[in-house]
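Here is the structure we will look at, set down as C-alpha cells.
The values are calculated or read from the model by the stated rules, or taken from the named source; none is laboratory data. Given the structure is predicted, the values throughout are model-derived calculations rather than measurements. Cβ atoms come from the backbone with ideal geometry, glycine included; neighbour counts cover every protein chain shown.
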Amino acid sequence: DTGVSQNPRHKITKRGQNVTFRCDPISEHNRLYWYRQTLGQGPEFLTYFQNEAQLEKSRLLSDRFSAERPKGSFSTLEIQRTEQGDSAMYLCASSLGGGARLYGYTFGSGTRLTVV
Amino acid sequence: KNEVEQSPQNLTAQEGEFITINCSYSVGISALHWLQQHPGGGIVSLFMLSSGKKKHGRLIATINIQEKHSSLHITASHPRDSAVYICAVRSIGGADGLTFGKGTHLIIQP
C-alpha cells in the first residue's frame with residue numbers, strides 16, 4: 001500500500017468550469033476526510049465519510065461542492081461553477097476506526113486548484 | 001478567536017538548537033495531533049496524543065489536558081527539520097474532522 005493517493009496533483013481551470021478530484025485512501029481505512037487549505041492557513045475540515053456514508057459536512061461546503069464515496073473505497077470531490085475563491089489545496093486523509101479509537105490518520109499530498 | 005492557537009508563528013534557529021512549539025486549544029478534545037507539512041503540501045502525522053508524553057527519535061510531544069496545552073520539542077535540530085508544524089485537535093462531540101492551528105513555520109539554519 002502506497003498511502004493516500006490524490007489525483008490530480010495540480011489543476012488549473014477557468015472560472016465557471018467544473019472540476020473533480022479523486023482520493024484513494026489506504027485500503028483498510030474506513031474513514032475518509034476532505035480538507036481545504038488556503039495559503040498561509042491551516043487546513044479546514046470540509047466533510048468525512050465512514051465507509052460510503054457521508055456523516056458530516058462543514059458549512060464551508062457550499063451547494064457547489066459535492067463529495068461521494070460510492071463503494072466505500074475511493075472518493076471524489078466535485079466543485080461546480082468554480083470561483084477564484086475556490087483556489088486552494090484540497091487535502092484528503094483516511095483513518096481506521098472512529099471516536100476514541102482512531103488509528104493511522106494519514107494524509108494525501110493534496111490537489112492544488114488554481115481558478116483563473 | 002481560533003479554537004487552536006500555535007506559537008510562535010515563525011521560528012528560525014541554528015542547527016543543533018532545542019526547539020519548542022506550543023499549541024493551546026479552547027475546546028474539550030478526544031485527541032491532539034502534531035503534523036509536519038513540507039513545501040508542496042504533503043502532510044505527515046507525527047504524533048496523536050490524548051494524554052502524557054510521546055517520543056519518536058528526536059521528537060517529543062507532551063500534552064496537559066487540564067491546561068489545554070501541548071508542546072512539540074525537537075532535540076538536536078537539523079536543517080531537514082525545516083517545515084511547517086501544525087497542531088490539530090479532535091473535538092469531543094463536534095464534527096469528526098480535525099480543527100487545525102495555522103502552523104509554525106520552522107527554519108533550521110546550518
Test of understanding: among A:Gln84, A:Gln17, A:Gln37, A:Gln50, which residue is over 21 Å from B:Lys102 (Cβ atoms), touching a residue at least 40 places away in the same chain (Cβ under 8 Å) and within 11 Å of another protein chain (Cβ to nearest Cβ)?
A:Gln50
Quick one: would you say B:Ala13 is over 21 Å from A:Tyr33 (Cβ atoms), of a type in the set (Gly, Ala, Ser) and assigned to a strand (DSSP E or B)?
yes
For region B:63-86, name all the residues that are under 27 Å from B:Pro110 (Cα atoms) and in a strand (DSSP E or B).
B:Ser71, B:Leu72, B:His73, B:Ile74, B:Ala83, B:Val84, B:Tyr85, B:Ile86
State yes or no: is A:Arg112 touching a strand residue (DSSP E or B) at 6+ places or on another chain (Cβ under 6 Å), among the charged types (D, E, K, R) and in a strand (DSSP E or B)?
yes
Residue match in region B:7-16 (condition: in contact with a Leu (Cβ under 8 Å, 6 or more places away or on another chain) and surrounded by 15 or more Cβ atoms within 10 Å (Cβ to Cβ)):
yes
Between residues in region B:3-16 that are over 13 Å from B:Arg80 (Cα atoms) and residues that are among the polar types (S, T, N, Q) and at pLDDT below 95, which pairs lie under 7 Å by C-beta distance while being six or more apart or on different chains?
B:Glu3/B:Ser26; B:Glu3/B:Thr99; B:Val4/B:Thr99
In contact (Cβ under 8 Å) with a residue 40 or more places away in the chain, aromatic (Phe, Trp, Tyr) and either crowded, with 21+ Cβ neighbours inside 10 Å or more than 12 Å from chain B (Cβ to nearest Cβ) (or both), is that true of A:Phe74?
yes
Is region B:68-78 home to any residue that is at the interface with chain A (Cβ under 10 Å from one of its Cβ atoms), touching a residue at least 60 places away in the same chain (Cβ under 8 Å) and surrounded by 19 or more Cβ atoms within 10 Å (Cβ to Cβ)?
no
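Condition (residue is in contact with a Cys (Cβ under 8 Å, 6 or more places away or on another chain) and over 14 Å from A:Arg112 (Cα atoms)) applied to region A:30-42: is it met by at least one residue? I'd like the intermediate steps shown before the answer.
Step one: filter region A:30-42 for residues in contact with a Cys (Cβ under 8 Å, 6 or more places away or on another chain), giving A:32-35.
Among the residues that remain, those that are also over 14 Å from A:Arg112 (Cα atoms) are: A:32-33.
Within region A:30-42, one or more residues are in contact with a Cys (Cβ under 8 Å, 6 or more places away or on another chain) and over 14 Å from A:Arg112 (Cα atoms).
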Inside region A:15-57, the number of residues satisfying the requirement of being more than 18 Å from A:Gln84 (Cα to Cα), part of a strand (DSSP E or B) and of a type in the set (D, E, K, R) is 5
Please give the number of the condition B:Val44 fails out of (1) surrounded by 15 or more Cβ atoms within 10 Å (Cβ to Cβ); (2) over 10 Å from the mean Cα position of the chain (by Cα); (3) in a strand (DSSP E or B).
(1)
Can you find, within region A:25-68, the residue that is farthest from the chain's Cα centre (by Cα) among those that are crowded, with 21+ Cβ neighbours inside 10 Å and charged (D, E, K, R)?
A:Arg31
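Before we move on, is A:Leu96 at negative phi and surrounded by fewer than 13 Cβ atoms within 10 Å (Cβ to Cβ)?
Numbers: at negative phi: yes; surrounded by fewer than 13 Cβ atoms within 10 Å (Cβ to Cβ): no.
Considered against the rule, which asks whether it is at negative phi and surrounded by fewer than 13 Cβ atoms within 10 Å (Cβ to Cβ), A:Leu96 comes out as no.
Hey, does region B:47-61 have a residue that's polar (S, T, N, Q) and either under 30 Å from A:Pro8 (Cα atoms) or crowded, with 16+ Cβ neighbours inside 10 Å (or both)?
Residues of region B:47-61 polar (S, T, N, Q): B:50-51.
Subset that is either under 30 Å from A:Pro8 (Cα atoms) or crowded, with 16+ Cβ neighbours inside 10 Å (or both): none.
No, every residue in region B:47-61 fails to be polar (S, T, N, Q) and either under 30 Å from A:Pro8 (Cα atoms) or crowded, with 16+ Cβ neighbours inside 10 Å (or both).
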Could you check region B:1-50 and list, in sequence order, the residues that are of a type in the set (Phe, Trp, Tyr) and more than 12 Å from chain A (Cβ to nearest Cβ)?
B:Phe18, B:Tyr25
